[in-house]
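One structure is given here, and the rest of the page talks about it.
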Amino acid sequence: MNANDNLIKDKMDRRKFSRNMLLAGLTVPAINLTSFKNADQQGFYEEESKKLPVREFDVVIAGGGTAGVVAAIASARQGVKTALIEAKGYPGGTVVEGGTALHSFFNLWKAFPGVQKRQVVRGIPQEIIDRLLLVRGTSGHSEMLSNYDYDSVCTSIDTEMYKLVVFEMMSEAGVSIFVNSLVSGAVRKGSSIEGVIVQSRAGRELFKAKCFVDSTAYGDLAAYAGAAFVELNDQPVCNSMGIGNVDIDKLSDYLKSKNALGQLALGLRDGKEGQIVRMGSEGTGGPGTLFPVEFVDGMRKLGSGLITTTVHDNYMMFIKINYKMAVSPTNRDEVAKAELLIRQNQYKTIELFRKYLPGCEKAFIARTSPSLNIRRGRTITCDYDITSSDVLEGKHFEDDIMAYGFHDSAPRLKVKNGGTYGIPYKALRVKDIDNLLVAGMLITSNHDAHMSTRNTVSCMGQGQGAGTAAALCAAKNCGTRNLPYSELRQKLEKDGVYFES
Ligand SMILES: Cc1cc2nc3c(=O)[nH]c(=O)nc-3n(C[C@H](O)[C@H](O)[C@H](O)COP(=O)(O)OP(=O)(O)OC[C@H]3O[C@@H](n4cnc5c(N)ncnc54)[C@H](O)[C@@H]3O)c2cc1C
């Protein structure tokens, strides 16, 4: 044998080895989570006191995600000096990392024959969709053709275009945008926050403001400022991946043949109308589906789902890999284990897709979230905690900042008669702190109520309410409880927010 023969043999052996490993399902060794252990804390170190540079604003928004970007735009448009502090290098948060069907701009009219179709979230959230349309970054508001007692409309987005569009919109509104900057502490003065500590490569700084919005999802700012909170740990965490090189139409034909095309919506895809933009089956092994048993078992073990959206011919915008942690995802060391485990499960999922799903033979992982996505971290105690009966009975309040009608547990739980409920201003005011509002997944402690309020379009609407209120408080130099509701309502209506009471 010459050197070349050796090389060929070596390649063949490696191929054979990989194939055998693949057949044995062993391409990724299982990790022993208990042996994955970070060193324990050993004592304390007392930091020297140090003078920090100070920046002053009217409003500081902590967290530039789903709610935070809308809050920042709303605040800056009121003409007050607004800063947004975002830990990552881009804005968008979970809306560009979790699921990408934005639930929901509309009431659930299709599930209630005779009920009128209404777009119940408008204002800045709708402006974002309008801007996405210009860059082929959304399917538009596409009606669901089946399973519409879950949602009547699917609005799919391109995650990368969303990041760009909201970045531009904040910049145009005059927001001072601090990305790659972490809110790492808060300075309290009596019942108010004086400033937040911001950590970046520039060092540590104090950002002062008259009013603050915590839209970090985890409630970091509120917790650092001493607000009360609960950590219910009632939801799995996830890392949601984008999958490239997929033949969407071939895959949907296969799902149909297996009685598994549960959700379906047609809309704009790569500039063409009437294309599949939402598809998939609720629970891969759901009743009546005809998938191979090995596929169903594999998906179940990996916590993988088979519902997706797309706005491109050859791309699945997200496939979720879920994992229920034993403790809250605010626990850094336990999260490290989950981050590794979920990435292994992503790889195993793509292997299953290649093997069992026609249209996915050459699929690959094109995007993952930079860190795992949470459905709930801390829930911050506010002046009012929205209940599940408020949501399901469609209650409106004397201080609504928006109307909303989607419930993620539908068809089991739905807002009465395809109507809406209101999110009240008092549900955004952090208890016992005079100048702090919250917006996003960190409100609403009740599980069933949270399954509605946490969804993207609700968070976006809350962002507009919180950002506008914070700006008005700053301009009037008043605390969040001294802002006359009539002024807030007038501004929100002027800025396109829709109300039902
Ligand atoms: C896996 C998954 C799938 C989902 N699927 C859907 C779906 O299909 N449709 C739907 O409508 N909803 C879905 N949801 C729910 C919805 O996406 C979220 O509840 C919502 O996007 C949360 O918005 P938010 O503004 O509260 O938080 P986020 O959008 O997560 O924003 C928080 C931002 O704060 C930043 N941040 C955090 N801490 C700090 C700090 N200390 N300093 C500075 N910045 C910080 C983060 O980087 C992030 O950008 C899903 C959620 C998950 C987790």
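The values are calculated or read from the model by the stated rules, or taken from the named source; none is laboratory data. Given the structure is predicted, the values throughout are model-derived calculations rather than measurements. FYI the Cβ positions are ideal-geometry reconstructions off the backbone, even for glycines, and counts take in every protein chain you see. Heads up: the accessible areas ignore ligands, DNA and RNA and are worked out on the full protein's heavy atoms, side chains in. Shrake-Rupley method; radii C 1.70, N 1.55, O 1.52, S 1.80 Å.
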Can you tell me the relative contact order of the chain? Whole percent, Cα pairs under 8 Å, sequence separation 6 or more.
21 percent
So what is the diffusion coefficient of the chain in µm² per second by Stokes-Einstein at 37 °C and 0.692 mPa s, using a Kirkwood Rh over Cα pairs?
138 µm²/s
If you take every DSSP beta bridge whose two residues both sit in the chain, what share of them, in percent to the nearest 5, is antiparallel?
75 percent
So how far apart, in nm, are the two label points at Lys272 and Val54 if each is 7 Å from Cα heading toward Cβ?
6.1 nm
Rounded to whole angstrom, the alpha-carbon centroid of the stretch 147-169 lies from that of the stretch 385-436 at a distance of 22 Å
Obtain the radius of gyration and the Kirkwood radius of the stretch 378-501 from its C-alpha atoms and give Rg over Rh.
0.96
Over the chain, what percent of the accessible surface lies on carbon and sulfur atoms, probe 1.4 Å?
51 percent
Residue-normalised 222 nm signal for the chain, counting each DSSP H run of n ≥ 4 as -39,500 (n - 2.57), nearest 500 deg cm²/dmol, is -9500 deg cm²/dmol
Which pairs break 26 Å Cα to Cα here: Lys81/Lys163; Lys88/Lys337; Lys395/Lys494; Lys37/Lys362?
Lys37/Lys362
For a quick check of understanding: with a 1.4 angstrom probe and all protein chains in place, what accessible area in square angstrom does Tyr162 have, to the nearest ten?
0 Å²
Can you give the angle from 0 to 90° between the axis of helix 248-257 and the longest principal axis of the chain, with both taken from C-alpha atoms, to the nearest 10?
70 degrees
Expressed in µm² per second, the diffusion coefficient of the stretch 115-240 from the Stokes-Einstein equation, with Rh the Kirkwood radius over alpha carbon pairs, at 4 °C and 1.567 mPa s, is 71 µm²/s
Using θ = phi - 60° and the Karplus form 6.51 cos²θ - 1.76 cosθ + 1.60, what ³J(HN,Hα) does each residue of the stretch 67-75 get, whole Hz, x for Gly and Pro?
7, x, 5, 5, 4, 5, 4, 4, 5
With the 1.4 Å probe rolled over protein heavy atoms, the chain has an accessible area per residue in Å² of 42 Å²
By how many nm would the segment from Gln41 to Ala202 lengthen if fully extended, with 0.36 nm per residue of separation less the alpha-carbon distance?
55.2 nm
For a test of the definition: using alpha carbon positions, the gyration tensor, and the 1.5 limit on a/c, classify the stretch 175-242 as rounded, prolate or oblate.
oblate
Amide H to amide H under 5 Å from Thr138: which residues, 5+ apart in sequence or cross-chain, H placed 1.01 Å off N in plane?
Asp158
Residues with amide H under 5 Å of Phe229's amide H, sequence separation 5 or more or different chain, H placed in the peptide plane at 1.01 Å from N; which?
Thr381
If I model a spin label as a point 7 Å beyond the Cα along the Cα-Cβ vector, how far apart are those points for Val293 and Phe364 in nm?
3.5 nm
Give the long-range amide H neighbours of Tyr218: residues separated by 5 or more places, or on another chain, with amide H under 5 Å away, using H modelled in the peptide plane at 1.01 Å from N.
none
Residue by residue, what Karplus-based ³J(HN,Hα) values in Hz, rounded to whole numbers, does the stretch 54-60 have, using 6.51, -1.76 and 1.60 with θ = phi - 60° and x for Gly and Pro?
10, 10, 10, 9, 7, 10, 10
